[in-house]
Amino acid sequence: MTYEEMLAEVSALGEKPYRAKQLFAWVYKRGVDDIGAMTDVSLALRERMRDIYGIRGIRLIDAKTAPDGTRKFLSELEDGNRIESVLIPETARLTLCVSTQAGCALGCRFCMTGAGGFMRNLRLSEMTGQVFAAGTPLAEGERITNVVLMGMGEPLANYDNVIRFTGILTDGNGFGFSHNKVTVSTAGLVPAIKRFGEESNCALAVSLNATTDEVRDRIMPINKKYPIKGLIAALRAYPHAGKKHVTIEYVVLRDVNDSAEDARRLAFLLRSIPCKVNLIPFNEFQGAAFKSPDNQRVSAMSRILQDAGYTVIVRSSKGLEIQAACGQLRGWREE
Ligand code: SF4
């Protein structure tokens, strides 16, 4: 439940509103999953609540650590579906990548999750559960600094639960992240981008990956529904004021979207949109239809974009050895 939902429950029980604040902090700030342990709540109320409510989460069943320190968590949901989350250490950051769906319906051709098909949207408790699952084994002094909703699934296709989840992530009595430390990604669901811009202060990342409809249709079937022109128009109309950061994600595929011409088109498409660009060299996996790009081509793209005034980050692949890198999550145990 979100804070507002707890408030409504508490008032239905005839309790004062401050109870909701207490309960919310017990669950999300302190990570307590036993109502009986919430000691500043009267025993009678705790017993009453235990008859009505339960605290749900996910069951962590496997964790792996790559040589670069990236950790991947495999969790099982109540219905047996499996999801993955990834913890990515960088110099000054520890970023948790959260899944929002079991599988994904969008079928991007470069993505293992998409290849596995769609099972269902994740519940709120299955998203907050990933934060707890990844946070439990952290060493002393370690702290998750950023959360990105870029794991399995299209976050904006699970819109309501994602908004509830980001609300808890950024609530001072919840997980307490600042808005610009929480990033929601999308493959380009245009109507949902508009809504998200109006309803959330969290950062947005858009997976663009191509500069022509011909190429984007081929690698991201969602482009047939929401072609590049409409997507760019939505980003141009996006409320960029304040802390609303937009990142353009661009997975670089060898001989598909890695030319100097692509970089120039990208610079032109994004003109007047306040954004930074992440170039992500494709991570090859077994049976993949694409190849990793040549480093020199990626550097050349980066230079062209920088010369055009963009901030560009070439994302090094993290967690490749444990299939935890971008596009490699699929939610079942590797044998
Ligand atoms: S890249 Fe994202 S949106 Fe595309 S299939 Fe994979 S999980 Fe779904």
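The values are calculated or read from the model by the stated rules, or taken from the named source; none is laboratory data. All values derive from a computational prediction rather than experimental measurement. Cβ coordinates were reconstructed from backbone atoms using ideal geometry, including for glycine residues, and neighbour counts include every protein chain displayed. The area values use the complete protein model at the heavy-atom level, side chains included, leaving out ligands, DNA and RNA. Shrake-Rupley method; radii C 1.70, N 1.55, O 1.52, S 1.80 Å.
Selection of the range 112-152 for residues being assigned to a strand (DSSP E or B) and open to solvent by 20 Å² or more (accessible area, probe 1.4 Å) yields PHE118, MET119, ARG120, ASN121, VAL148. With respect to being of a type in the set (S, T, N, Q) and away from the ligand (no atom under 16 Å from the Cβ), THR186 falls outside the description. Yes or no: the range 189-197 includes at least one residue that is open to solvent by less than 10 Å² (accessible area, probe 1.4 Å), within 15 Å of LEU149 (Cα to Cα) and within 14 Å of the ligand (Cβ to nearest atom). Yes, the conditions are met somewhere in the range 189-197. Scanning the range 207-229 for residues that are over 22 Å from ARG271 (Cα atoms) and within 11 Å of the ligand (Cβ to nearest atom) yields ILE219, MET220, PRO221, ILE222.
Only one of the listed residues (ILE83, ILE88) is within 13 Å of GLY151 (Cβ to Cβ), modelled with pLDDT under 95, in the same structural domain as ALA157 (by TED's automatic domain parsing) and in contact with a Leu (Cβ under 9 Å, 6 or more places away or on another chain). That residue is ILE88. Determine if the range 247-268 includes at least one residue that is buried (at least 19 other Cβ atoms within 10 Å of the Cβ), away from the ligand (no atom under 16 Å from the Cβ) and modelled with pLDDT under 95. So far as the range 247-268 goes, no, none of its residues is buried (at least 19 other Cβ atoms within 10 Å of the Cβ), away from the ligand (no atom under 16 Å from the Cβ) and modelled with pLDDT under 95. From LYS21, LYS16, grab the single residue that is outside the structural domain of VAL182 (by TED's automatic domain parsing), open to solvent by 60 Å² or more (accessible area, probe 1.4 Å) and under 25 Å from ASN146 (Cα atoms). Matching residue, one of LYS21, LYS16: LYS21.
Restricting attention to the range 156-167 and to residues that are surrounded by 23 or more Cβ atoms within 10 Å (Cβ to Cβ) and away from the ligand (no atom under 16 Å from the Cβ), the residue that is nearest to GLY31 (Cα to Cα) turns out to be PHE165.
Go over the candidates GLY172, GLY129, GLY153 one by one and state the one that is away from the ligand (no atom under 16 Å from the Cβ), modelled with pLDDT of 95 or more and over 19 Å from THR65 (Cβ atoms).
Values: GLY172 fails: modelled with pLDDT of 95 or more; GLY153 fails: away from the ligand (no atom under 16 Å from the Cβ).
From the options GLY172, GLY129, GLY153, the qualifying one is GLY129.
Every condition in (1) out of contact with any helix residue (DSSP H, G or I) (no Cβ under 9 Å at 6 or more places or on another chain); (2) part of a loop (DSSP other than H, G, I, E, B) holds for THR39 except the one numbered (1).
Of the residues GLY31, GLY69, the single one that is open to solvent by less than 80 Å² (accessible area, probe 1.4 Å), within 22 Å of PHE165 (Cα to Cα) and in a loop (DSSP other than H, G, I, E, B) is GLY31. If only residues of the range 90-110 that are closer than 23 Å to PRO67 by Cα and crowded, with 22+ Cβ neighbours inside 10 Å are counted, the one that is farthest from the ligand (Cβ to nearest atom) is LEU96.
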